[in-house]
Structures are given as C-alpha cells and as structure tokens.
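Presented below is the structure to which this report refers.
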Amino acid sequence: MLPLRDNVPTRQFPIITVALIAANVLFYVLYERGGLQAAAGPVNELAFHPCEVNDSCRVMGADWPLTAFTSMFMHADIIHLGGNMLFLWIFGNNVEDALGRVRYLLWYLAAGIAATALQTIVTLGWGSAQDAAIPNLGASGAIAGVLGAYFVLLPRASVLTAFILGFIFFLREIPAILFLGVWIVFQLWQGGFSLVQPAQGGGVAFFAHIGGFAFGALTIRLARARTPLRPSY
C-alpha cells in the first residue's frame, strides 16, 4: 500500500514539514552521495550505533547523543528517502497544523528520540553484539510518530492509496484508521518475528517504528495547540 494524498486541508502552508523534507534531501545529497556503499564514512560517523550506549563497541565519529539526531536525516538509498518523505508530506502537514510550527518541530525530534530509544532497548536486550554494532539511520522513527498522531487526530480522514500486487495496480480511498491500523499491525508482527529470526547484517528497525508510533499516539492530545480541520468530504 502506497499513500498518495489525504482529504484533510490545512490552515496554512506546512513550512516545517517542507523544511524537514528539504533537510533530509539535502543531507542525502551532500553527505551520502548515492547511498550506503558510497558513503561508508558518513554512515559510520553520523549514524547511531546502539552498542555505543553501553560502551560495548567503539565507533569513530560523533558521540551517540549527537548521532541520535543526525541519524534521523540519513537514508540508505533513494527509495528509502523517497518513501519516508512521501509519508511525511501526506501526514505531517496536518499534524503540524494541529501543533503549530515550533511545537511540531520539537515534538517531531522527540518522536525520533523515542523511536531510537525503544529500538536500542530491544537491540541491547535481545540482539547480538553484531546487531548492536549495525548503524541505525532514517527518518522513519520520527515519521512513525507523525503517523501515530494522525491515527488519533484524524481517524475518519480518507487516504488515496495505490495497491500494487505484482502486475496489478489500482487506486482506492480507504479510511486513515484502516491504512494506519494495517501499517502498525504489520510493524508489530514483523517486530515480533525479528526477535525470533533477526535479519543478518541489518534490516528494517521495526521497533523504532513501534516506538515512534506509540509516542505520537500517546502524546499528541497533550501537545496539540488546536484541533485539525475536518476532512473536506
């Protein structure tokens, strides 16, 4: 399932959401230059390594309190970047509208930290030393916070969704509560499976997604400055 747009307007142009997208794209272009294989230096220096938290490894580069932030703006490849930015654009503008610009930026970064924290706890508690040394990177944890907030604020919104099943492609509008509900159930399912059979050499940080989503869903009503606009139809 690939979201294309929703049906909820905003009161003003989402400057912070656009700025976050621009920052992610700029970071990718300037520092990663085409992905992980071409950017081993920046990845090791600026990505977050769980093993640094308990001093079980030593990675040359910035200390982990800083890389917990810089890793939010790094992506493995253009597909990773494009998918994350699509989700941020579609769902972030309405969350920004509910929070206000400055509060939204701070809340977004906090969601990313919460996501990283849960992934780190799970990795150090149940993963191997090799798992803990794998660099964590990507905006998806913070964006999962946006999805959790949208799930609570706008469950009755509609999301125009592209369904791709092999050579079959079709579009359909589905309720946001269904789209995001399926998304988080998949993360929970895959997260549990990854504990039983972890991916060799890395993979998707499902517990970062779960942590970010939970943070967003649990904090948005406390953090919001106003109610978002209703769906246009």
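The values are calculated or read from the model by the stated rules, or taken from the named source; none is laboratory data. Computed from a predicted structure; not experimentally measured. Here the Cβ is made from the backbone with ideal geometry for all residues, glycine too, and neighbour counts use every protein chain on show. Surface areas here come from the heavy atoms of the whole protein model, side chains and all, with no ligands, DNA or RNA. Shrake-Rupley method; radii C 1.70, N 1.55, O 1.52, S 1.80 Å.
Name the one entry in Ile16, Ile78 that is surrounded by fewer than 18 Cβ atoms within 10 Å (Cβ to Cβ), at pLDDT 90 or above and not hydroxyl-bearing (Ser, Thr, Tyr).
It is Ile78.
Among the numbered criteria (1) part of a helix (DSSP H, G or I); (2) at pLDDT below 90, which single criterion is violated by Asp55?
(1)
Residue under question is Ala98, and the condition is that it be small (Gly, Ala, Ser), crowded, with 21+ Cβ neighbours inside 10 Å and more than 15 Å from the chain's Cα centre (by Cα); does it hold?
yes
Can you tell me which of Ile143, Ile121, Ile134, Ile90 is open to solvent by 40 Å² or more (accessible area, probe 1.4 Å) and either under 16 Å from Leu218 (Cα atoms) or of a type in the set (Val, Ile, Thr) (or both)?
Just one listed residue meets the conditions, Ile121.
Kindly indicate whether Thr70 is within 17 Å of Gly212 (Cα to Cα), out of contact with any strand residue (DSSP E or B) (no Cβ under 7 Å at 6 or more places or on another chain), among the hydroxyl-bearing types (Ser, Thr, Tyr) and surrounded by 20 or more Cβ atoms within 10 Å (Cβ to Cβ).
The answer is no for Thr70.
Keeping to segment 146-170, report how many residues are in a loop (DSSP other than H, G, I, E, B), within 20 Å of the chain's Cα centre (by Cα) and surrounded by fewer than 21 Cβ atoms within 10 Å (Cβ to Cβ).
1
For segment 171-194, which positions are open to solvent by less than 60 Å² (accessible area, probe 1.4 Å) and aromatic (Phe, Trp, Tyr)?
Phe179, Trp183
Taking segment 127-148, which residues are small (Gly, Ala, Ser) and under 14 Å from Ala114 (Cα atoms)?
Scanning segment 127-148 gives Gly138, Ala139, Ser140, Gly141, Ala142, Ala144, Gly145, Gly148.
How many residues are under 26 Å from Leu160 (Cα atoms) and assigned to a helix (DSSP H, G or I) if we restrict to segment 113-143?
Here the count works out to 4.
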